[in-house]
1. Protein chains only, probe 1.4 Å: how do C32, C122 rank by accessible area, largest first?
2. Enter the accessible area of E84 (Å², nearest 10), with the probe set to 1.4 Å and all protein chains included.
3. Could you list, in their original order, any pairs among K118/K178; K68/K160; K118/K199; K18/K160 whose Cα atoms are separated by more than 26 Å?
4. Taking the full set of protein chains and a 1.4 angstrom probe, give the accessible area of L55 in square angstrom, rounded to the nearest 10.
Amino acid sequence: MSWRKVNVLKKAKVFEVKTDTPFNLANYTGGCFWGETVIDLGISSVEMGFNTIGLKTELIPLGGNWYKGEIYRVPLIIGNNYNEYTYSTANENGKGERIVGDTRNFGPNFGGVRYVVKTEGCNPETQIILRFRISTHRNNIVNYTGAFTGNVTTTPIEYKTPPTLIADTFTCASFEVKNSYQGYVSFFIQNFVADSVQKVDGTLNVLALEV
């Protein structure tokens, strides 16, 4: 008896499926049972919301040819690292720059900063000129300069970046007060950090290949 070479047909299929919806590979190949299979998941669409800095997929075997897929988001939230600096503007007319804080290390999983400026009791003509810089180990540098007049609460200035295990630093601002003889200027600094992963709804691209 001699050996004879034959071609063995391997199954392959690409299709879409909703997250958290069980699917059977045989249903996509006319009921044919699948043998050992490699499955790769990609994201076709997802409702991930705002402040999402990462997405990942997970394949969950359910036995036989049954599977389901999930999508998880990594949200970026405001952390517990909160700092406030308050300064009196009395007799500060034309005094020039003052340093709000020094360079600070936010530690691992630092994902950026949220910066708020408030003034209270200042003259209507008071002008606060704010400057700050963010510098990270990824060489991301952001310089900001803005002027605020009178008694104001600024819209938060936010800078976000994907967190890593390496600590990042934030170089705090300087500010200049003009035309003010009373009142206070407050600076609120909060850091962003990565939160626990959350399951979200979406549609997956499924690539199945029988090996």
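The values are calculated or read from the model by the stated rules, or taken from the named source; none is laboratory data. The model shown is predicted, which means the values in this text are computed figures rather than measured ones. The area values use the complete protein model at the heavy-atom level, side chains included, leaving out ligands, DNA and RNA. Shrake-Rupley method; radii C 1.70, N 1.55, O 1.52, S 1.80 Å.
1. Largest accessible area first, the list is C32, C122.
2. 100 Å²
3. Exceeds cut-off: K68/K160; K118/K199; K18/K160.
4. 70 Å²
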